[in-house]
Amino acid sequence: MKEQDILENERQKEYIEKACRLTSEFAGKLGRIPTACVVTFGCQMNARDSEKLSGVLRYAGFELTEDEDCDLLIYNTCTVRDNADNRLLGRLGSAGAIKKKKPGMKIALCGCMMQQTGIPGKIKETYPFVDLIFGTHNIFRFPEYLCGILEDTKICEIWEKTDTIAEDLPSERKYPFKSGVNIMYGCNNFCTYCIVPYVRGRERSRNSEDIIGEIKGLADDGVIEVMLLGQNVNSYGKGLDEETDFADLLKRVEEIEGIKRIRFMTSHPKDLSDKLIGVMKDSDKICRHLHLPLQSGSDRVLKRMNRVYDRSKYIDLALRIREEIPDIAITTDIMLGFPGETESDTDDTIDVIKKVGFDNAFTFIYSKRTGTPAADMPDQVSEEWVKHEFDRVLEAVKISAQERAALLKGKVMDALVEDVYTQRPGMVSGRLSNNMIVHFDGRPSDYGRIVPISLDECKGFYYIGSRK
Ligand code: SAH
Ligand code: SF4
Ligand code: F3S
């Protein structure tokens, strides 16, 4: 860590100790342990941030709950599409109603939506009951802000940018056996539809030593699977003093004893190197899953999106990966309704779906984000038209995913048991290396273990299996 990051860490650690005292006073006033609820919207990056907030809260003496009727409620927001914004505002209204009946309650907002120009001001005006607003760049100052609101001050602090990476604070894990690990922050790609570079700032990689140190610590703590997180992991290492890249980092993570599975999110097709394909191919630990967002199969649209690859480059890359690593699952993100799109663009996208044979895809309807170049493009398309095209794409994805899933029938594969399967008593849910889910008869003692499972019955997107 840099000198400045170490100092900031120390400062926040002092605030955590102060927060412990203030929380215990709060508990005294309530006559019980105060409860805190962190609600996460958006991507894995936000989920990891929420674990950090929860870690500080638990350390300070809060009991964590999933019930929003609590003493400290935090919404960690996303703003990638406008429905994410609307969902948040709806929830915030209900939270206000809870607080009315519970005057000591504190409500905090953070995350990507707070980084949007005008949003914090609008929230303060419309939802005056909110106690704390902070953004993505100053999240490491949460212990300090927590002390502030426990002393009944209202805080609204948003930073335009940061180069501080303060990672050495307490953190929770949703699962004891697996964890996300940030390897980089921000994004420099400026795809013309996307708000992320504006709300998460410029791309910054963490030092490899810090990342490896964190993962070793996790392994000592019983973690067997890590998910390396970044908006574009394939450009990891740029701007660091050390000479390294994502493939080198993976090789080093692979050497860590105790880690059995390595995943990563997200890969931008433009930066995926042959060296990375080679490292994945030779690895026993790197999972057989690659999420490779396509967005569109039309060259015209890809160009206007500023994705920096074209359809033939994408198809070549995907097929090369399949050739090198035949058991890999390739999943993707597809967006429909980008300005100027026509039916022939959808046809091109469906053609790529067929040629690559995706194992699954997230499909999104384009959402206009103020401040992005695409928002000012003149030829926005109608919602009705998009819905029709969306159905066509969804159908193609469904067929492709079912075909791919069916190929596994009868195979025996290792599954990491992650959850109980709530829909059928006595069953648990496991995840295969290729990210597919299999449900099978299991016990709570299987939780966090990797077990060989026979994939008996294909249910389209998942399997019902049995122990081998
Ligand atoms: N960094 C990742 C994507 C992060 S956002 C990458 O480039 O792969 C996750 C997905 O949300 C994107 O892949 C895109 O499909 C979708 N998305 C981003 N901005 C959007 C917008 N304005 N409207 C609709 N979907 C969007
Ligand atoms: Fe957004 Fe593009 Fe960056 Fe992904 S790579 S976060 S889609 S700008
Ligand atoms: Fe949303 Fe921010 Fe992630 S906008 S998708 S939570 S980086």
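Numbers at a glance
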item	result
If the convex hull is drawn through the Cα atoms of the chain, its volume per residue in Å³	155
Gain in span if fully extended, Phe129 to Glu383, counting 0.36 nm per residue against the direct Cα distance	87.9 nm
Folded to 0 to 90 degrees: helix 311-324 orientation relative to the chain principal axis, Cα	80
Two-site FRET efficiency, Asp82 against Glu151, from Cβ-Cβ distance with R₀ of 35 Å, rounded to 0.05	0.45
Distance histogram in 10 Å bins (all Cα pairs of segment 311-430, percent per bin)	11, 32, 29, 19, 8, 0
Förster radius 35 Å - calculated FRET efficiency between Asp414 and Ser24 (Cβ-Cβ, nearest 0.05)	0.15
Nearest-ten-degree value, helix 44-60 long axis tilted from longest Cα axis of the chain	30
Val308/Leu89 FRET efficiency (R0 35 Å; Cβ-Cβ; nearest 0.05)	0.50
Furthest towards positive pole of dipole, Leu64, Met280, Ile262, structure part the chain, Cβ charges	Leu64
Most to least accessible of Glu243, Glu254 (protein chains only, probe 1.4 Å)	Glu243, Glu254
Sparsely packed chymotrypsin sites (Phe, Trp or Tyr not before Pro) within segment 152-193, loop by DSSP, other Cβ within 10 Å at most 13	Phe190
Surface accessible to a 1.4 Å probe, per residue, for the residues of the chain, Å²	45
Point-to-point label distance, Lys161-Asp316, nm (Cα→Cβ direction, 7 Å offset)	3.5
Exceeding the 26 Å Cα-Cα cut-off - candidates Lys2/Lys161; Lys122/Lys238; Lys29/Lys154; Lys13/Lys154	Lys122/Lys238
Whole-Å distance, taken between Cα centres, linking segment 244-304 and segment 409-444	25
Accessible area, probe 1.4 Å, largest first, for residues Thr349, Thr422	Thr422, Thr349
Point-charge dipole on Cβ atoms (K/R +1, D/E -1) for the chain, about Cα centre, debye to 20	920
Along principal axes, Cα extents of segment 37-174, largest first, whole Å	36, 33, 27
Solvent-accessible surface (1.4 angstrom probe) belonging to Glu3, in square angstrom, nearest 10	130
Sparsely packed chymotrypsin sites (Phe, Trp or Tyr not before Pro) within segment 35-99, loop by DSSP, other Cβ within 10 Å at most 13	none
Heavy-atom accessible surface of the chain: percent carbon and sulfur, 1.4 Å	50
Unsatisfied cross-links (Cα-Cα over 32 Å) in the set Lys216/Lys459; Lys52/Lys285; Lys216/Lys354; Lys174/Lys411; Lys251/Lys368	Lys216/Lys459; Lys216/Lys354; Lys251/Lys368
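The values are calculated or read from the model by the stated rules, or taken from the named source; none is laboratory data. Only a predicted model underlies this, so the values are computations on that prediction, with no experimental measurement involved. Note: ideal-geometry Cβ built from the backbone for every residue, glycine included; neighbour counts use all protein chains shown. With ligands, DNA and RNA removed, areas are computed over all heavy atoms of the protein, side chains included. Shrake-Rupley method; radii C 1.70, N 1.55, O 1.52, S 1.80 Å.
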